[in-house]
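Asks: One structure coming up, written as structure tokens, with questions to follow.
The values are calculated or read from the model by the stated rules, or taken from the named source; none is laboratory data. Please read these numbers as outputs of a predicted model, since none were measured by experiment. We place every Cβ from the backbone using ideal geometry, glycine too, and count neighbours over all the protein chains shown.
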Amino acid sequence: MKRLCAFALTGLLPLAAHAAPVDVLFVGNSYTFGRVDPVMSYNTDKVTDLTAPSQGGNFLDQTGANAFEPRPWGGVPGIFKELTLQAGLDYNVSLSTRNAASLRGHMLNLNPANWDMRGNLALKTWDQVVLQEQSDEVLPRQTNAAGNALPSNPEFTRYFADVIENFLHSTDSTGTIRYREAFPGANNEAQAAACSAATGLSVGSCNLNRGSFSNPNASADTEVYLYQTWARPNLLDGAFATSTDRVTGEVTRSTELSL
């Protein structure tokens, strides 16, 4: 039976009746690490940012990292850690995050700097894992008020949530991962056609072998939670045009909708 649960921030706390410290991993993106202070750097000394070289992470290539987002990060995991301390609970909190990361990106390591995010999932036997999807990946396909089609792929959310859940729970191979498997169809050809029609990818890309992976540290006892992804209203209503200072992170917003 699958143990993939919806997650609210305090929902893990009553489950912490462990003699040893509870090892929990937060998997996500900027909505998880916070992106700006004071959230981004909150409680960094009490959590482990697995993508921070200063904390033992194997992510030495920081290509694409923003100067205004110095590591280590704390974010939502840092807030959660503080709640455990206030409740008198013993939790080891880690986070594996990057900007705009989807569950698909974590599992397949679709990272510009070739970070091994999947390796963080398999780093150890986790007691609890919290998954955060990319903000618009999970949304129904639609065009917002600015006339922009959202880059949503809800089929990938469902499929890769299941793939990661199996990867965490079983040491067996995931089997060959292909995008077409996220779509219904009577046969491989029909699934690939449905994938191509929905995503705009070629049939060849939908059929491409994305790999087969095993997790030697998987455990059927790992509790897996799917964080309830929320979307800013401007994703749906149309975002105002903005410009971001690449050094300071300061954002300037216009009064016009972006094109």
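Asks: Name every residue in the range 214-240 that is at pLDDT 65 or above, buried (at least 17 other Cβ atoms within 10 Å of the Cβ) and either assigned to a loop (DSSP other than H, G, I, E, B) or not hydrophobic (A, V, I, L, M, F, W, C) (or both), in order of residue number.
Replies: Result: 215, 218, 222, 223, 225, 227.
Asks: A follow-up question, please. What's the number of the condition residue 154 fails, among (1) surrounded by fewer than 19 Cβ atoms within 10 Å (Cβ to Cβ); (2) at pLDDT 95 or above?
Replies: (2)
Asks: Going through 85, 60 one at a time, which residue ends up being free of Cβ contacts under 8 Å to residues at least 40 places away in the same chain, over 28 Å from residue 211 (Cβ atoms) and loosely packed, with under 14 Cβ neighbours inside 10 Å?
Replies: None of the others qualify; the one that does is 85.
Asks: Taking residue 256 and the conditions (1) modelled with pLDDT of 60 or more; (2) part of a strand (DSSP E or B), which numbered condition does it fall short on, given that it satisfies the others?
Replies: (1)
Asks: Which of the residues belonging to the range 132-184 are without any contact (Cβ under 8 Å) to a residue 24 or more places away in the chain, closer than 18 Å to residue 100 by Cβ and not in a loop (DSSP other than H, G, I, E, B)?
Replies: Residues satisfying the conditions are 149, 154.
Asks: Let me ask something additional. Just for the range 163-197: of the residues that are of a type in the set (Gly, Ala, Ser) and surrounded by 18 or more Cβ atoms within 10 Å (Cβ to Cβ), which one is nearest to residue 139 (Cα to Cα)?
Replies: Residue satisfying both the conditions and the ranking: 182.
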